[in-house]
Amino acid sequence: MRQKLIKISEVPPGFFRYTCPETGFKIDREHTMSGLLGRVKSHYEDNNIPLPPDWKESVEDQLCRQLPAGWCKYEDGKEPAGAKSIVSAEGIIKGITSLATMAIDKMKGKDVFVPQEEANRRAEICARCYNNMTTNFCAGCGAMQQITSLVAKVKGGRSTPLDSSLLTCGLCGCRNEAIVHVDKKVLLSGEKPETTEARPDWCWLKNDDLNQASASLKI
């Protein structure tokens with residue numbers, strides 16, 4: 001069931017924003033819902049993509065799923081628990097430290113990384129997901145330097161063509177450029193079931209079929 005804004009006259013945390021699932025294009029820092037909808041409409045028209053009949057409702061629902069409790073309600077009037085985004089320096093460091101520890105432990109005697117082709121497919125999905133979020137701290141600060149070091153520790157020299165578009169997962173706090181390379185069993189072994197359940201249907205950590213996941217996100 002879709003969600004709708006309660007506080008329609010206020011600017012939500014992180015501003016009004018939307019990620020187009022067909023292209024992965026991010027529209028952000030809008031101060032009004034009408035301004036956001038106008039930019040979304042223009043993006044679809046500029047790229048010759050037909051606007052779905054319910055596109056306005058889809059934009060509002062996607063935004064709501066990234067906001068804290070109290071900002072939105074379901075169409076039936078009930079209020080959701082709210083997004084539990086942990087895109088903070090502390091959350092990211094905790095997530096990647098945990099991942100690095102698990103990866104090192106599991107590496108004893110076997111490889112924990114997926115083939116390059118699979119990592120690339122995962123990267124395509126993450127880059128177009130609205131949970132692929134930016135952080136609110138600078139690239140040169142100590143926290144970011146620690147995060148960069150931890151990411152390198154996890155993935156080594158591995159990369160994908162979309163690394164520059166891979167940000168932080170707003171659900172688990174891990175850097176997407178690192179987790180796309182790691183075996184799914186390793187990742188899920190340290191994840192709470194409620195976090196996995198909160199992932200959208202196209203998330204490769206929730207959907208075992210990459211083709212089905214890609215189709216859900218309209219890649």
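Values quoted throughout were computed directly from the atomic coordinates according to the rules given, and no laboratory measurement underlies them. This is a predicted model, so every value here is computed, not measured. Cβ coordinates were reconstructed from backbone atoms using ideal geometry, including for glycine residues, and neighbour counts include every protein chain displayed.
Of note:
- Filtered residue count, the stretch 33-62, keeping only those that are out of contact with any helix residue (DSSP H, G or I) (no Cβ under 8 Å at 6 or more places or on another chain) and closer than 16 Å to K4 by Cβ: 6
- Of the residues making up the stretch 4-27, those that are loosely packed, with under 14 Cβ neighbours inside 10 Å and either in contact with a Cys (Cβ under 9 Å, 6 or more places away or on another chain) or acidic (D, E) (or both) are I6, K7, E10.
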